Amino acid sequence: MNHNKKSRLGRGLSSIFNIDKEHESNNNIIKSIDIDLISTNPYQPRTKIDKKELSQLSDSIKQYGLIQPITVRSLENNYYELISGERRLQASILTGLKKIPVFIKNISNNQMLEVALVENIQRQDLDPIEIAISLEKLIKESNIKQETLGKRIGKSRSTISNYIRLLKLDPIIQAGVRDKIITMGHAKAILNITNQDLQLALYQDIVKYKLTVRDTEKIVKKNKVITISKYTQKVSNLSTHFQQIEKELSEFLQQKIKLKISNSGKGTIEIPFESEKKLDEIIQILQS
């Protein structure tokens, strides 16, 4: 990381804590505490951790110890809540550590999310959808504008806007971004098509034909009429009866589903989901 980038990111963290950099160390309380007293950060933007990377970090901790303390805040009854360092905490648990070094800070709930978000962006640990969800949550809970948030975390307003727009995509396409099947550039190009079925059709072609971002942009920009005509053929036309069933199932599962019926009467029900938590919710509804 070059010096300019490091300084810019440093200003972002300082603005979150509302402290001067030269006094930052004076606000840190460093101590060793029982790992069982630490609960995870409910505002953590990261929703998945690579098991291989976690295992490698655990091996490093076994050999050298935890070099960089995690950051926590105090709760009642001598318990603590993680602010940042989710992967280090999980690797320490995997290693079997009983105590762990921590920085203790006194910050609000909104600051909790901001700190975790900035740290993970700095480390490039989050996928674009995780960043988008966190940014949208920060804006809503802090009641601030995109431009204000951008200044606080070192990102431009347009960057913030581009991330949040990703949440308008179908969950299947969002999953493709998260799993690195397509890039954020592909996703931004897809967003220029307003029809969701056409978006999905284009997404499928990107994957099938390994289209580049430039190819995708050309399809959207220069061949919109041809594209729409081509992709409309792929979209099955459900009867009013089946459209009503599709609507009722979506309402029942609290998740938009897709019903596909062939001419023979056979069909499939597609239930997309954006996270393991959402999948668990759908399963609970089906089992109830």
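Only one entry of Ala116, Ala175 meets the criterion of being under 23 Å from Asn192 (Cβ atoms) and touching an Asp or Glu at 6+ places or on another chain (Cβ under 8 Å), and that entry is Ala175.
Search the range 54-79 for residues being hydrophobic (A, V, I, L, M, F, W, C) and closer than 14 Å to Ser32 by Cα, and hand back the single one that is modelled with the lowest pLDDT. Per the stated criteria, the residue is Ile67. Residue count for the range 204-220 satisfying the condition of being of a type in the set (A, V, I, L, M, F, W, C) and assigned to a loop (DSSP other than H, G, I, E, B): 1.
Candidates are the residues of the range 113-143 that are aliphatic (A, V, I, L, M) and modelled with pLDDT under 85; the one that is nearest to Glu53 (Cα to Cα) is Leu126. Taken together, the criteria exclude Val102 from residues that are part of a helix (DSSP H, G or I) and among the hydrophobic types (A, V, I, L, M, F, W, C). In the set (1) in a helix (DSSP H, G or I); (2) buried (at least 17 other Cβ atoms within 10 Å of the Cβ), the condition left unmet by Glu147 is number (2). Of all residue pairs spaced 6 or more apart or on separate chains, those with beta-carbon atoms under 8 Å, a first member in the range 203-221 that is of a type in the set (A, V, I, L, M, F, W, C) and a second member that is not in a helix (DSSP H, G or I) are Ile206/Ile182; Val207/Ile181; Val207/Ile182; Val213/Thr183; Ile219/Leu211; Val220/Asn192; Val220/Ile193. For the range 244-288, enumerate the residues that are of a type in the set (Ser, Thr, Tyr) and either touching a residue at least 40 places away in the same chain (Cβ under 8 Å) or surrounded by 16 or more Cβ atoms within 10 Å (Cβ to Cβ) (or both). Passing the criteria: only Ser275. Selection over the range 221-269 of residues that are modelled with pLDDT of 70 or more and not hydroxyl-bearing (Ser, Thr, Tyr) gives a count of 25.
A quick yes/no check of all residues on (1) acidic (Asp, Glu); (2) under 19 Å from the mean Cα position of the chain (by Cα):
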| residue | (1), (2) |
| --- | --- |
| Leu135 | no, yes |
| Leu138 | no, yes |
| Ser156 | no, yes |
| Thr183 | no, yes |
| Leu191 | no, yes |
| Ile206 | no, no |
| Tyr209 | no, no |
| Asp215 | yes, no |
| Val220 | no, no |
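If you check Lys258, Lys266 for being basic (Lys, Arg) and under 26 Å from Ile129 (Cα atoms), only one passes: Lys258. Exactly one residue out of Leu82, Leu97 is at pLDDT 90 or above, in a loop (DSSP other than H, G, I, E, B) and surrounded by 12 or more Cβ atoms within 10 Å (Cβ to Cβ): that is Leu97.
Taken over the range 173-203, the criterion of being over 19 Å from Ile139 (Cβ atoms) and either assigned by TED's automatic domain parsing to the domain that holds Glu274 or not in a helix (DSSP H, G or I) (or both) is satisfied by Asp179, Lys180, Ile181, Ile182, Thr183, Asn192, Ile193, Thr194, Asn195.
Being outside any helix (DSSP H, G or I) and in contact with a helix residue (DSSP H, G or I) (Cβ under 9 Å, 6 or more places away or on another chain), is that true of even one residue in the range 158-166?
no
The values are calculated or read from the model by the stated rules, or taken from the named source; none is laboratory data. For clarity, every value in this text was computed on a predicted model and none was experimentally measured. All Cβ positions, glycine included, derive from the backbone under ideal geometry; neighbour counts span all protein chains shown.
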